[in-house]
Amino acid sequence: MNIVNYINGELAEPVSGNYLPNYNPATGAVYGQVADSDASDVEKAFVAAKSAQKAWEITPAEEKFKVLNRIAELIDERREQFALAESNDQGKPLWLARNEMIRAAQNFRFFATAAMQFASESHSMEGRAINYTLRQAVGVVGCISPWNLPLYLFSWKIAPALAAGNAVIAKPSEFTPATALLLSEVCIQAGLPKGVLNIVHGLGPKVGQALIEHPRIKAISFTGGTATGKVIAATAGPMFKKLSLELGGKNPNIIFEDADIEKAIKTSVNTSFMNQGEICLCGSRLLIHESIYETVKNRLIEEVKKLKVGNPLDESTRIGAIVSEQHYKKVLSYIEIAKNEGGVILTGGNALHPEGFENGWYIEPTIIEGLNMSCRTNLEEIFGPVITIMPFKNDEEALAIANGTEYGLAATVWTNNLTRAHKFAADLEFGIVWVNCWLLRDLRTPFGGVKSSGVGREGGWDAMKFFTEPKNVCIALS
Ligand code: NAP
């Protein structure tokens, strides 16, 4: 399979003619190639985007709605094909990829309706003047997304950018480009005007860097690692681009003694290991009140041992393959770091080589105990099927451990004590707090992190505001 760019409404070879290998993590084998684009492809995409943007901006909201909604319908119609492509590319179980394709379609549907509903404010000055705020499209914007939830996150940026009237140049991760190619086909099928969306594939430090350095691309919406976020901020900041940065996390999952323990344990299995632990919102530090520590620990180990690891296309698989060889090695190296720091592996801890998939990149779901809150294992993002568990004595200690990292993306709290729930919701230094649930998402809510987990918020009106520039118009009435 050849994965090519999508520029000016057409599938396009990279200008250089160069390609990179594309791997299937389940088998470790190359199964296609992806365009190795560079600055000249970004320039081509920019020319197309620039010439399309104004006409798109003034396209009636109802027309924007129709085409964005049509994209959603086509993703739904081709769900199985999209899900298979995502699973082959990323290593995630096929059943999970199907769910993510539902969400990718929802992203387009949700922001299609946002195009119809978005409105701006006016401020009256008691008969002397009236102010009204124009919220105009930013222009040509860049969207860069990571490999963990490929189309889900790609569409989460592209859909609001388009709904707000921008033209977009988007870059998926070089590791997981397949569904972005299918999206290109769907956009052509849906009749999205030429140049309104352009997709360039290739290496982050090459084509991604060219995108953020482009002087006329006015806003960058980025999701990825904190280290890359720093590079993007250092490049785009002095150019005064609008920036939205959704970065890494080291999320706490806190279980109190008054919680519905069984529900907390069952959900925590997902919180810890869904998508091989490769979700920015996964809880990687499980904090358990000391009075229930042994009970929760033993039940958790029991549940985790039941998780089937292996062929992502097998419907009974719970944990698929790690996205790339380099990430697989990184995750395994953190298990070694944990052992060297004195961690005790309670379950897992090893690479796996399932029969028929010996060359794929599989790691057992791993639970580690016996580490303090300030060791590397508990401070650095591992982003794989590896969690630590720690007991805490009281609320103060739980809060100190939870807040004790540079990250601040998402926290989960399990308690039936209303006062405690509200107090933790207020005191946790995170952009998102779930109480007695995890990954329950309302697309209208602000989504994003604090501290080293990012700047800005996505979702709902926050996304529409990011992708528009407010302009105040003041009209004297006397
Ligand atoms: P990454 O290495 O930072 O890459 C993210 C994207 O940026 C990829 O498309 C990458 O391209 C591109 N890129 C790399 N260097 C670049 C540069 N110099 N200029 C422009 N673009 C560049 O992150 P990842 O490893 O793909 O994803 C995992 C990380 O994403 C984790 O830290 C995770 O927590 C975070 N994440 C955060 C959220 C959130 O909402 N906060 C959601 C999901 C994931 P290539 O892949 O082609 O190099």
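Worth a mention:
- Matching option when the condition is within 16 Å of the ligand (Cβ to nearest atom), touching a helix residue (DSSP H, G or I) at 6+ places or on another chain (Cβ under 9 Å) and not small (Gly, Ala, Ser), among Ile368, Ile322, Ile345: Ile322
- When the criteria are applied in full, Ser124 meets the requirement of being part of a strand (DSSP E or B) and away from the ligand (no atom under 16 Å from the Cβ).
- Of all residues in segment 406-427 being crowded, with 21+ Cβ neighbours inside 10 Å and either within 15 Å of Ser284 (Cβ to Cβ) or of a type outside the set (A, V, I, L, M, F, W, C) (or both), the one that is nearest to the ligand (Cβ to nearest atom): Leu409
- Only residues that are part of a helix (DSSP H, G or I) and open to solvent by 20 Å² or more (accessible area, probe 1.4 Å) were counted across segment 243-280, and they come to 7.
- The lone criterion from (1) more than 14 Å from the ligand (Cβ to nearest atom); (2) under 18 Å from Leu245 (Cβ atoms); (3) under 15 Å from the mean Cα position of the chain (by Cα) left unmet by Val455 is number (1).
- Pick from segment 19-49, criterion open to solvent by 60 Å² or more (accessible area, probe 1.4 Å) and aromatic (Phe, Trp, Tyr), ranking: farthest from the chain's Cα centre (by Cα): Tyr31
- Complete set of residues in segment 231-281 that are under 22 Å from Val141 (Cα atoms) and basic (Lys, Arg): Lys241, Lys242
- Meets criteria (open to solvent by 10 Å² or more (accessible area, probe 1.4 Å) and either farther than 25 Å from Glu429 by Cβ or free of Cβ contacts under 8 Å to residues at least 12 places away in the same chain (or both)) for Glu341: no
- Among the residues of segment 131-145, those that are in a loop (DSSP other than H, G, I, E, B) and more than 15 Å from the ligand (Cβ to nearest atom) comprise Val138, Gly139.
- Some residue of segment 458-470 being hydroxyl-bearing (Ser, Thr, Tyr), at negative phi, more than 15 Å from the ligand (Cβ to nearest atom) and in contact with a helix residue (DSSP H, G or I) (Cβ under 8 Å, 6 or more places away or on another chain): no
- Residues located in segment 344-376, provided they are polar (S, T, N, Q) and either without any contact (Cβ under 8 Å) to a residue 60 or more places away in the chain or buried (at least 20 other Cβ atoms within 10 Å of the Cβ) (or both): Thr347, Asn350, Thr366, Asn372, Ser374
- Those residues of segment 252-288 which are away from the ligand (no atom under 16 Å from the Cβ) and out of contact with any strand residue (DSSP E or B) (no Cβ under 9 Å at 6 or more places or on another chain), in sequence order: Glu262, Lys266, Val269, Asn270
- Here Ser221 fits the description: in contact (Cβ under 8 Å) with a residue 60 or more places away in the chain, crowded, with 20+ Cβ neighbours inside 10 Å and out of contact with any Asp or Glu (no Cβ under 7 Å at 6 or more places or on another chain).
- For segment 385-405, the set of residues classified as surrounded by 17 or more Cβ atoms within 10 Å (Cβ to Cβ) and touching a His at 6+ places or on another chain (Cβ under 9 Å) consists of Pro391, Phe392, Ala398, listed by residue number.
- Considering the conditions (1) open to solvent by less than 50 Å² (accessible area, probe 1.4 Å); (2) out of contact with any Lys or Arg (no Cβ under 8 Å at 6 or more places or on another chain), Ala12 is excluded by exactly one of them, (2).
- Search result, residues across segment 50-87 that are more than 22 Å from Val168 (Cβ to Cβ) and open to solvent by 40 Å² or more (accessible area, probe 1.4 Å): Glu77, Arg79, Glu80, Gln81, Leu84
- Counting only strands (runs of 3 or more DSSP E) that sit completely within segment 146-236, those holding 1 or more residues that are among the charged types (D, E, K, R) and within 15 Å of the ligand (Cβ to nearest atom) correspond to 167-171.
- Scan of segment 91-121 for residues that are crowded, with 18+ Cβ neighbours inside 10 Å and part of a loop (DSSP other than H, G, I, E, B), ordered by number: Gly91, Lys92, Pro93, Phe118
- Contact annotation: residue pairs with Cβ atoms under 8 Å, 6 or more positions apart or on different chains, pairing a residue in segment 237-260 that is free of Cβ contacts under 8 Å to residues at least 60 places away in the same chain and on the phi < 0 side of the Ramachandran plot with a partner that is part of a loop (DSSP other than H, G, I, E, B) and not aromatic (Phe, Trp, Tyr), are Met239/Pro215; Lys241/Ile217; Lys241/Lys218.
The values are calculated or read from the model by the stated rules, or taken from the named source; none is laboratory data. Computed from a predicted structure; not experimentally measured. Neighbour counts are summed over all protein chains in view; Cβ atoms, including those assigned to glycine, are modelled from backbone coordinates with ideal geometry. Accessible surface areas use protein heavy atoms only, side chains included; no ligands, DNA or RNA. Shrake-Rupley method; radii C 1.70, N 1.55, O 1.52, S 1.80 Å.
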